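Quick note: the coordinates plus some simple rules give every number you see, no bench work behind them. These numbers come from a predicted model, not from an experiment. Heads up, the Cβs are rebuilt from the backbone with ideal geometry, glycines too, and the neighbour counts pull from every protein chain shown.
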Amino acid sequence: MKFTSTRNAQLSVSAAQAILQGLSADGGLFVPTEFPKVDVETMCKLDYCALAENIIGSFLTDYDPTFLKEAVGQVYSTAFGDKAGYVQPVNASLSSLELWHGPTCAFKDYALQMMPRLLVQARKMLGSTDTTLILVATSGDTGKAALEGYKNLEGIEMQVFYPTGGTSEIQRLQMATQEGNNVAVYAVKGNFDDAQSGLKKVFADRDIAQQLAQKGVSLSSANSINWGRLVPQIVYYFYAYGQLVKQQRISLGETVDFCVPTGNFGDILAGWYAKQMGLPVNRLICASNKNNVLTEFLRTGTYNANREFFKTTSPSMDILISSNLERLLYHVSGGDSALVVELMQQLAQTGSYTVPEKMLTAIQQDFAADCADDQQAAQEILLRWQQDSYLCDPHTAVAFRAADACSKAKQCVVLSTASPYKFPVAVLAALGKDVPMNDFDALRALSESTGTQPPVQLSSLEHRQERFTKIIERTQIADAALGNIQAE
Ligand SMILES: *Cc1c(COP(=O)(O)O)cnc(C)c1O
């Protein structure tokens, strides 16, 4: 299986090259040149590890199958307890694919536990001997999931920068208590944009790159556009489908809808790849919060990022540029990379673009879209709890609401991307309860008022020793990267 670039269809690289490089030199994203077809009936019978080995292996044909089997076993048999791909029926037509039983209680663990192993192996396969220094700016979820995924890996070092005025106390503690001999965490004075822009400067600075190169270090990011982050996400669509068949909610071959809380368009795009591989998917419903640029795009064909940015109770979906959409544009245009280049240039220059009518029609055959603001998401949390005794987080709530509004299939699977206990304050408020000031009091209050249990990964943080306490100015990010400031 070869991969090409969304901005240059002539390019051809192996999976290992695509994963090591991350982004193509022409600025495009790596995409597979074909969609491996699988036998759905056979897939439905496999356990999660065997399924992951099969699906991931069908794209990463240059990787040693023994390596893949081992890596997949290490990740999905232990890191998610016995709940990898767990599907919880919610009511007669809705199910919840709970993707938050991993180490950081958010769905990003599925990719960020696997991707680092794929990267280390790609380095071996391609003879790369540099140390890879991974720098991440995070508003919360990504940083912790990346730290857990990359900790203690050979040849890799990682630094995470989070804003002092941006994360919840639980999110901050998740990072400040991080273990591992190759990781460092810094608080950066300011908000997320301050941390992000400070980091972008470091990436763009040739002088810093040179100083690092002299020490045998090359910079990389753990961003969500790497193919190695996307491919593990295809697996759980197949697994969820198999669970519905087992639960006799559908018969084999019947189509279902999937509804996905969407930010960077990675998770939902994995569902589209599953459909191309033969999974009986009716439509993929793209759920957005008040930052509804994707809702508008999927309904009208115009992507317009020139709009106000809102901070919401579903922060991981607060995004105006959804990078992975570029992959879909490439595929539905029939691999017309010249057109993709043109659209992306328009986006960079004017903040907006419109796709040709034919492309929009093709996109709308596979996708529907809806959005919900914070108040509507809160109402949905309350509704699901009162009607179905099902507790969900604000991201998942946005998707439940879109599923209600858009799903026409007999069964709809909502991808539940975070544990409600990651956002105890917003969830308590939605249930109409008094909200304590402290995150851990909120955790206990949520548990008491619903009779559910918080994940131990979160509740145990209250009494853990903080390891990283350094607060820096954003202008010091470069010094941190160069190893001039100790984090501990
Ligand atoms: C990252 C994230 C999303 C959005 O996923 P994309 O792949 O970026 O669309 C949704 N919910 C949660 C909880 C997340 O962390």
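For region 181-276, the relative contact order comes to 24 percent (Cα pairs under 8 Å, sequence separation of at least 6).
Between the C-alpha center of region 221-276 and that of region 401-470 there is a gap of 23 Å. Within the same chain, lysines fewer than 8 places from Lys358 are excluded, and of the rest, those with a Cα less than 24 Å from its Cα are Lys275, Lys408.
Tell me, Arg474, Arg384 in order of fewest to most beta-carbon neighbours within 10 Å? Walk me through the numbers before you get to the answer.
Working: Arg474 20, Arg384 24.
Fewest-to-most ranking of Arg474, Arg384: Arg474, Arg384.
Each of Ala403, Ser5, Ala213 was scored by the projection of its Cα onto the charge dipole of the chain, and the greatest displacement toward the positive side belongs to Ser5; charges sit on the C-beta of Lys, Arg, Asp and Glu.
With a cut-off of 8 Å between alpha carbons and a minimum separation of six or more residues, what is the relative contact order of region 385-425 in percent?
Details: 27 pairs, mean separation 21.8, N = 41.
Computed over region 385-425, the figure is 53 percent.
Summarising the label geometry, the points placed 7 Å from Cα in the beta-carbon direction at Gln74 and Ile485 lie 3.2 nm from one another.
Calculated from DSSP H runs of 4 or more alone, at -39500 (n - 2.57) each and per residue, what is the 222 nm mean residue ellipticity of the chain, nearest 500? Spell out each step's value before the answer.
Details: 22 runs with 219 residues, N = 488.
After summing the helix terms and dividing by the residues of the chain, the value is -13000 deg cm²/dmol.
Exposure proxy for Val256, Val341: other Cβ atoms within 10 Å of each Cβ, ordered fewest to most, give Val341, Val256.
Summarising the amide proton neighbourhood of Glu466: residues at separation of 5 or more, or on other chains, whose placed amide H is nearer than 5 Å comprise an empty set. Using C-alpha pairs below 8 Å separated by at least 6 residues, the relative contact order for the chain is 19 percent.
Listed values for region 342-352 are Karplus-derived 3J(HN,Hα) couplings in whole Hz (6.51 cos²θ - 1.76 cosθ + 1.60, θ = phi - 60°), namely 5, 5, 5, 5, 4, 4, 5, 7, 10, x, 7, and x replaces Gly and Pro.
Run the dipole for the chain about the Cα centre, Lys and Arg Cβ at +1, Asp and Glu Cβ at -1, nothing else charged, and hand back the magnitude in debye, nearest 20. All intermediate terms of the calculation are to be shown ahead of the outcome.
Working: 40 positive and 50 negative charges, 74 e Å.
Computed charge dipole of the chain: roughly 360 debye.
At R0 = 35 Å, how high is the FRET efficiency between Lys311 and Glu357 if r is their beta carbon distance? Nearest 0.05 is fine. Working shown, then result.
Values: r = 35 Å, r/R0 = 1.00.
Computed FRET efficiency for Lys311 and Glu357 comes out at 0.50.
Across region 366-379, rounded Karplus estimates of 3J(HN,Hα) from the backbone phi angles (6.51 cos²θ - 1.76 cosθ + 1.60, θ = phi - 60°) give 9, 10, 10, 8, 7, 9, 9, 7, 4, 5, 5, 5, 4, 4 Hz, Gly and Pro being marked x. The alpha carbon centroids of region 24-48 and region 353-389 are separated by 25 Å. Arranged from fewest to most other beta-carbon atoms within 10 Å of their beta carbon, Ser12, Ser337, Ser459 become Ser12, Ser459, Ser337.
Past 26 Å, Cα to Cα: identify those pairs from Lys69/Lys124; Lys37/Lys151; Lys151/Lys215; Lys311/Lys433; Lys108/Lys290, in the order given.
Lys37/Lys151
Suppose every Lys and Arg Cβ carries +1 and every Asp and Glu Cβ carries -1, with no other charges. What dipole size does region 265-354 come out with about its Cα centre, to the nearest 20 debye? Walk me through the numbers on the way to the answer.
Details: 7 positive and 7 negative charges, 54 e Å.
That gives a dipole near 260 debye.
Would you tally the net charge around Ser224, using a Cβ to Cβ cut-off of less than 15 Å, leaving Ser224 out, and scoring K and R as +1, D and E as -1? For residues surrounding Ser224, the net value is -1. Here the dipole of region 168-256 is about 120 debye; that uses its Cα centre as origin and unit charges on the Cβ of Lys and Arg (positive) and Asp and Glu (negative). Coupling constants for region 256-262 follow from the phi torsions by the Karplus curve (6.51 cos²θ - 1.76 cosθ + 1.60, θ = phi - 60°), and in residue order they are 10, 9, 10, 10, 10, x, 10 Hz; glycine and proline get x.
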